[in-house]
Amino acid sequence: MSMKISYRANINDFSNHSDNSSLENDGYSNDEIDQSKDYEDENEENEENEENEENEESEENVENEESEENVENEESEENVENEENVENESEEEEKVENIVKRENFHLISDKKRRKVTDDLTDTSLKKKRKLDKDLYKPPTVDELNQLRETENLFHSNLFRLQIEEMLNEVRLKDKYKKLFDIWFKKLKETIESIRETEEYQLSDDKLGKKLNVHIPMFDVPKETKGVFKFLKPTDIAIIGSYMYIKKKMIYLAYIASNITDDITESKTFMNDTLKPVLKIVPSGKLGTKINVLIHASAEEASFKLSRFLPEKNNVRPEWFFGDIKNITENFPPTPHYNSIILHDLTMKIHAENMKVIKEYPNLRDGIILLKIWLIQRELKLNTFMSSYQIVRNVWSYLIQTNWCESGITMNQSEDSKNRVLSYHKYYDCVFLDNTSYYNITTHVSKATYKWVQKEAELCLSHLDSTHANSFQSLFMRKVPFYMAFDHFIRFEDTEMLKILVNINSSDEDKLDYGPNYRAQAIKIISNILKKGLTNRVHQICVLPNESSEWKYTENNCNDIGEIFIGLELNPEYCFNIVDKGPEANLPEAIEFRKFWGKKSELRRFQDGTIREAVVWSKGKTLSGKRLICKKIATFLLKKKLNLLKNKFIYIADEVEELLKLRKVKITHFAYGTGEEAALRVINVFNCLEKDLMSLTDIPLSIHGVQGSSAVFRYTDVFPPLATVYRPDDKLIKKHKKNLILSKRITTSPRYVCPLDVSLQLSTSGKWPDELEAFRHTKAAFHIQIAECLRKQYKLTVKAHFPYVDVYKDGFVFRLRVAHQKEIGCLKHQVTEDGVIQYKDNEKSIELENKLFELPKLTSALHGLHTQQPSFGPTCCLAKRWLSAQLLDNSHIPDVVVELLVASMYLTPAPYRPSQMPQVAFLRLLESFARSHWNTDPVIVNFNSEMSKEEIIAVETLFGSSRDSLPPLFISTPYDQQRSLWTKKAPSILILNRITMLAKQSLKLYEDQLFTKVLLDFKTLFRPPITEYDCLIYLKPLMVPRRLQAVDVNDEEPIVEWHPYKRHSAQKVPIVGFDPVQLFLQELRNGYDEFALFFHDTYGGTIIGVLFKPSALGIKEFKVSNIGGRKCNNNELVLNISAMIQDFYILGKGLVEAIDVRCFIV
Amino acid sequence: MKNKNESLKGFKTLWLQFDKETTDKHQLFFKEHSIRNQDSKHPKGRTLFLLNIPPYISHKTLKVIFSNLCGTVSTVYFITSKGFKTAYIVFEKESALEKALEICDEHIVTLNSKRKICFTGLEKWCFKYNRALLCDEKILKKKIEVYMQNYDQKIAEKIAKEKAMKEEEAENDGWVTITGRKKRGQFALSRKESTINKVQRKEEQKNKKKQLLNFYTFQIRESKKQNLAELRKKFELDKKRLQDLKSKRTFKPF
């Protein structure tokens, strides 16, 4: 429903656009933006009101505030810890409307505009002098500093401005700070006024009932003997073991129940049950901006810190397991448990560190930036760190150091350095705090740390790259987990995971992690995967758990949560079909065989060795090879952990289903997703190239052969297949030397796509100067080439005036002679005073693109595919998706789609190039949904052929004359500032449509991923058809590519094609004959002015028609308005009924029915 | 009647029906071609100006329609190639035009009644496909040869003519014009836009070389000023760009 509305709105925009080109901008600002503007305006008003109110308030409270500060100092001694300084930057979601700033910008832009017009008109000197004053006035010190600072400290002006803008958005405004202070005082009073209670048994439920609070407890130690007594904060006795944690929870629960509702909006617990935090949302306005987290912690002096060194044991096994067997043994160390308590103990010290940070605004800004960066990457980490440089330094620091092998410490003493070493035995990463007891990164696994490191590396390289607009991809763009990796495994069943842990986890781990099932499950699963996948994966990462929250009165039973694992494949090894094990006679072979079981077998390899090996695939198709890791993972989970296929969801290649040919089979050929078919075409083409280059009997030899069809760049959605074409007398007849169509065909013959090839001849000065004569000479060459190919290589060839068709090894190649002179002839013009000009015009550009530019681009994209083998199938998926949404080549040219995909591969930030087409396709949808085309040019810098200066030139051009450039601007090294491929299409209307559809599709995908158990990604490829005015249904049998449709009837029989075999009487088949395309061409040619036509090129049997609102309605009687209309009372109205009749007439024999949905008369 | 004609700016109308079965018709508008500067292509008194011709109607079909309706048509010119077309129809006789102008406003022309004159859809596409194939290579070759022979002849004649002109000139008065040798014959610079531009650019560069840039103190001062202005300008430009970005996306990272 919503789709329809917005689409209509866009159509209205379109009418403006077509009437007046200067309105293009208006057409672009779609409804969304308008709405948001309104919204902002409202906000501004509110804000002003608020500010007035607030001033009054704050005046009243001035006195209070002073005393408040004193209290704050004392407060840190208490157990209630307020993490305001650290947490609020990320916790608060605030809206900042910087009114003053915006006004400034308005002024500036006004001035700017004046300048520009002055420069252009250059009328009066007076004005110019005034302008000069503005630009040339003596600089103030401040200004000079600012300008210089920008030059030296920041990447570029733009980068700095963007950072400032974002920080402004995120920073807490002063007025809220004041409000918070007041509120905080109240809170403290309430906490302090809580009565002390009597003593309760820890195992007792009474307290919870009395308070109406569900205490977030776990039931591991069954019997607990501790006592709990609520005392005034500052003294609470603590005993070892999990007792402490339990007490802490009860303590928090008690506070929660005692905080009165008049100051809080909601009270929830956060984190896991081991480290509970009470989250309080203040009531009133403040609540939307600030959340307060209450940590309960013990006084530093309660324990000796050394008690919690990692090698110490603090959890007695008998408490946990309930038996006394191994009581004499050395107790296993419990490093993770220890660190939980250390965390609490050292909190106060950290809080003091925070105060240092507070004093340096730049440092603070840097931390904010880092936090944003982490959150956008869905990473959560307890890191403690001019803002740009800080961020940069931290990144480079992250890359250089390795906490896994050489940990770091904030304490300078020798002692602590030694301790670092000992800590490495127990923790993955080591980062000690000032006390050098607490390891801040206890809960950071090696994988997560590596992940952060990799992201940092990526960002730094991106920051250093010449691409100017790195800001967006660094800070503003979300990097969703499901787009950041190649393969994904998702476990939903928490009960199953608990069982898994109980069976597979070691006793030490159980003791150490306690009831933290999640960490144990992750450890088990990722260890197994890592062992089995070895070098096939770069990293195995787990999506950090959303810190769970639950109401303080509710029970929180689900503490594992879903486990979502991402695998980043290593392209060097991930497609190997064999896992080579050790040589059979070595002792390691036994272990290898033990791990893989029956899968392992002895094999002799080419180097003569006999080894244990596991074979995963026959390796016939690339699509099969992409799934080898899935096969391995599924095998491991089943054999090692007894997890059957239905217990988890593996996401890797589901969308690729759309590229498979389900209803066509060729004997002895595995089609897969079409890459092998494309490869075959290219091999045959290479042979043809050799043949052509060695032709002897032509006046000018051929010295260049270039292909330009999609298949030569691996981007043909359904590449042609080598097969035999025979006359059947019903559809196809033999006529002399050719195959021709019968008079009355009832079914369309198979579609054979001609493969375009352009030929370069050796140079000659004898080409005629006149266009027609040139073309005749060219045709003579075509005939000559055809004759030679027949004579010299016995090929089946047919020459036509504009081209030669060659049927070789089952494919039809269409050759054309390419010569610059033809384009010269088309450009040739003579002005009135006899000067000869060469000017681009539509025809010359079209020919030049076809014969010269496209082949160049084809070889560049071909090169890209050989470097990134997922490029081709990604393009295919993108084209398939667009087409399925009824947007075809005429709306957005195929080449444009390919260039967009290429730009994604060449500037992948914030991602790494993906090995899986599915992930790359999702990223493309994301970039469609972002629709950044109006603000950024797309630069496709093949092999970095464009220099920095050239890129800047393109960007400046884009900035200065945006309005006169096409709505989508793509620059490649070959066309630089011309954006050759987007001149005609896509229009703004189509771009907006694509954006909207991409958003919908992504939403569908996410829904599927996170809610449904059965994945059906085909829904992404089913178009909404309710929004068209009129639907033309085609006869399915007349649609030659019907078997490529998204939904082919299951009952449709599978068609068997014969593999190509040379036959002496073979003819060039019926080639390039697609009635649907011919029909569409005629429709668009004839009715473009009144309506838009939408169709799925790949087997669509529906054509959607949308009348343009500008064409509807009554028009004045004018010669220019007469077309397509009829006269009614001296005015003109659109003759829609006759037009729809025309659709029948034009598509006679093809159209089955026309359904008029919305009749507008 | 007259009144109506005026309101339609002098246009008359007729209805066009595809065949007997179709119910909806297109309305064609026409009037006598009358523009002040006449040209020989559209002679006065014999040319009809026709508007709103449906896209599927070709030259041939139009010729047949009006030949049947009024009298022999000599040529048809389409002005537009896309959408609903506009055409000039030139009759052989003036009487045919008069007849055309007398057509009743509600007259209906049926395209495919007794004889099929307009092919569309599958039939047309198949026919076109086959026709393109049936052209034999040998015939095509011959055609090309003939064309090229004519072309060569034409060029040869042209060259001969130019030569003759020159000689004639020389003989006429007994005077011979003397010009620089270099620029004669095939080595002469052609009057191309690109070459003219090139010469101009060279000239400009020459002039530039003659100037000294950092000779006077005011020049150095100026260049410093210029540098600062450049920096400011860039800053402003970036600010503007940021403003654009802001209008598109807010700077809220989450």
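Partner shielding of A:1121-1128 amounts to 6, given as the average count of beta-carbon atoms from other chains within 10 Å of each residue beta-carbon. Cross-linked pairs B:K9/B:K41; A:K808/B:K143; A:K631/A:K999; A:K598/A:K630; A:K690/A:K879: Cα-Cα separations exceed 30 Å for A:K631/A:K999; A:K690/A:K879. Using the average count of surrounding beta-carbon atoms within 10 Å as a protection proxy, the listed peptides A:1102-1114, A:827-839 rank, highest first, as A:1102-1114, A:827-839. With Cα atoms defining each centre, the stretch B:128-160 and the stretch B:68-103 are spaced 32 Å apart in the structure. Here the calculated FRET efficiency for A:E770 and A:I952, from their Cβ-Cβ distance with R0 = 45 Å, stands at 0.55, rounded to the nearest 0.05. Among beta bridges from DSSP that stay inside the stretch A:675-1018, the antiparallel ones total about 70%. Under a 5 Å amide H cut-off, with hydrogens placed 1.01 Å from N, B:F18 pairs with B:L111 among residues at least 5 apart or on other chains.
Quick check: residue separation of A:E583 and A:Q977 times 0.36 nm, minus the Cα distance between them. What number comes out in nm? Don't skip to the answer; put the middle values down first.
Working: separation 394, 0.36 × 394 = 141.84 nm, distance 5.92 nm.
Extra length available between A:E583 and A:Q977 comes to 135.9 nm.
Just rank A:M916, A:M904, fewest to most, by other beta-carbon atoms within 10 angstrom. All intermediate terms of the calculation are to be shown ahead of the outcome.
On the way: A:M916 26, A:M904 23.
Lowest count first: A:M904, A:M916.
Neighbouring Cβ atoms from other chains, within 10 Å of the Cβ of residues in A:572-582, number 0 on average. Along the stretch B:102-115 the Karplus relation, 6.51 cos²θ - 1.76 cosθ + 1.60 evaluated at θ = phi - 60°, assigns HN-Hα couplings of 8, 4, 5, 4, 9, 4, 10, 9, 9, 5, 9, 10, 6, 10 Hz to successive residues, with x for each Gly and Pro. The phi-based Karplus calculation (6.51 cos²θ - 1.76 cosθ + 1.60; θ = phi - 60°) puts the 3J(HN,Hα) values of the stretch A:948-959 at 4, 5, 5, 5, 4, 4, 4, 5, 5, 4, 4, x Hz, whole numbers, x for Gly and Pro. Footprinting exposure proxy ranking of A:C541, A:C875, B:C135, B:C70, fewest other C-beta atoms within 10 angstrom first, gives B:C135, B:C70, A:C541, A:C875.
Remark: spin-label model distance A:T1011-B:S223 equals 6.8 nm, labels positioned 7 Å along the Cα→Cβ axis.
Counting 0.36 nm for each residue step from A:L679 to A:F801 and taking away their Cα separation leaves a gain of 40.9 nm.
Charges at C-beta only: +1 for Lys and Arg, -1 for Asp and Glu. How large is the resulting dipole of the stretch B:1-130 about its Cα centre, in Debye rounded to 20?
On the way: 22 positive and 13 negative charges, 63 e Å.
Once rounded to the nearest 20, the dipole reads 300 debye.
Here the calculated FRET efficiency for B:Q200 and B:A160, from their Cβ-Cβ distance with R0 = 45 Å, stands at 0.80, rounded to the nearest 0.05.
Treat the count of other C-beta atoms within 10 Å as a stand-in for reagent exposure and order A:C825, A:C687, A:C629 from fewest to most. Display every interim value, and only then the final one.
On the way: A:C825 21, A:C687 12, A:C629 27.
Placing the least packed residue first, the sequence is A:C687, A:C825, A:C629.
Note on B:135-145: average number of Cβ atoms from other chains within 10 Å of each residue's Cβ is 4. What pairs in A:K984/B:K85; A:K620/A:K1018; B:K63/B:K99; A:K478/A:K1003 have C-alpha atoms more than 19 Å from each other? Check vs 19 Å cut-off fails for A:K984/B:K85; A:K620/A:K1018. Site pair A:A1065 and A:I1102 shows an inter-label distance of 4.5 nm when each label is modelled 7 Å from Cα along Cα→Cβ. Taken as Cα centroids, the stretch A:812-882 and the stretch B:223-237 sit 40 Å apart, rounded to the nearest whole angstrom. Histogrammed with a bin width of 5 Å, the alpha carbon distances of the stretch A:748-792 distribute as 5, 14, 17, 24, 15, 12, 7, 3, 2, 0 percent, first bin at zero.
So if we plug the beta-carbon distance of A:M693 and A:Q820 into 1/(1 + (r/R0)^6) with R0 = 25 Å, what FRET efficiency do we get, rounded to 0.05? Kindly include the intermediate steps, with their values, before the conclusion.
Working: r = 20 Å, r/R0 = 0.80.
Efficiency, rounded to the nearest 0.05: 0.80.
Which of rounded, prolate or oblate describes the stretch B:2-119 when judged by the alpha-carbon gyration tensor and an a/c cut-off of 1.5? Prolate is the answer for the stretch B:2-119, as a/c is 1.5 or above and a/b outweighs b/c.
No lab work stands behind these numbers, since they all come straight from the coordinates. Source: prediction; values computed, not measured. Glycine also receives a Cβ, built like all others from the backbone with ideal geometry; neighbour counts cover every protein chain displayed.
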